[in-house]
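Notes follow the structure.
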Amino acid sequence: MSVEINWDALRAAANDAMAKAYVPYSKFKVGAAALTEDGRIVSGCNVENASYGLTLCAECALVGQLFMTGGGRLVAFTCVDGHGNILMPCGRCRQLLFEHSTTGMILETVSGFKTIDEVIPDAFGPRDLEERK
Ligand code: THU
């Protein structure tokens, strides 16, 4: 049995998260939201730091919330900027999402809906560690 993806609800959660962003340096708000296999919506906003490089992307907060609310894997993801427009997750965050994705996880992107494998092809992941011990 697979969970139904409500993209409107996911986008709304991403926008709610975006409104909470802490961005005194870039002034660039980001909100991310994802649906888990068991039907929860988890979300996060970006949290910047005076030491610029330590900035936490919205996806970092989302992954924290994933574990704080029971863990599991992600089936769908969306991300918005401060105007509510769809934003592509940065390279590092694609890796973060890959780690917790279901096979075939769908992302809403600037060029339409894509699978996790399309946005991070041939990804390095947990299985590589097992196979090369
Ligand atoms: N940002 C995210 O939160 N997620 C991304 O995937 C792209 C970039 C944030 C980090 C920083 O606070 C701001 O956007 C500008 O780079």
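The values are calculated or read from the model by the stated rules, or taken from the named source; none is laboratory data. Computed from a predicted structure; not experimentally measured. Here the Cβ positions follow ideal geometry from the backbone for every residue, glycine too, while neighbour counts run over all protein chains shown. Each accessible area value is taken on the protein alone, full model and side chains, heavy atoms only, with ligands, DNA and RNA left out. Shrake-Rupley method; radii C 1.70, N 1.55, O 1.52, S 1.80 Å.
In this structure, is residue 69 within 15 Å of the ligand (Cβ to nearest atom), within 22 Å of residue 19 (Cβ to Cβ), among the hydroxyl-bearing types (Ser, Thr, Tyr) and modelled with pLDDT of 95 or more? Spelling it out, it is not the case that residue 69 is within 15 Å of the ligand (Cβ to nearest atom), within 22 Å of residue 19 (Cβ to Cβ), among the hydroxyl-bearing types (Ser, Thr, Tyr) and modelled with pLDDT of 95 or more. Scanning segment 107-133 for residues that are closer than 25 Å to residue 19 by Cα and surrounded by fewer than 17 Cβ atoms within 10 Å (Cβ to Cβ) turns up 110, 111, 112, 113.
Scanning segment 61-110 for residues that are touching a strand residue (DSSP E or B) at 6+ places or on another chain (Cβ under 8 Å) and charged (D, E, K, R) yields a total of 3.
Would it be correct to say that residue 99 is in contact with a Lys or Arg (Cβ under 6 Å, 6 or more places away or on another chain), of a type in the set (D, E, K, R) and either at pLDDT below 95 or open to solvent by 50 Å² or more (accessible area, probe 1.4 Å) (or both)?
Answer is no for this residue.
The strands (runs of 3 or more DSSP E) falling completely within segment 37-133 that include 3 or more residues that are hydroxyl-bearing (Ser, Thr, Tyr) map to 101-109.
Yes or no, residue by residue, for (1) within 11 Å of the ligand (Cβ to nearest atom); (2) hydrophobic (A, V, I, L, M, F, W, C); (3) touching a Pro at 6+ places or on another chain (Cβ under 6 Å); (4) open to solvent by 20 Å² or more (accessible area, probe 1.4 Å):
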residue: 29; (1), (2), (3), (4): yes, no, no, yes
residue: 51; (1), (2), (3), (4): no, no, no, yes
residue: 55; (1), (2), (3), (4): yes, no, no, yes
residue: 58; (1), (2), (3), (4): yes, yes, no, no
residue: 64; (1), (2), (3), (4): no, no, no, yes
residue: 89; (1), (2), (3), (4): yes, no, no, no
residue: 94; (1), (2), (3), (4): yes, no, no, yes
residue: 105; (1), (2), (3), (4): no, yes, no, no
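Of all residues in segment 78-95, exactly one satisfies the criterion of being under 11 Å from the mean Cα position of the chain (by Cα), more than 22 Å from residue 19 (Cβ to Cβ) and of a type outside the set (Lys, Arg), namely 95.
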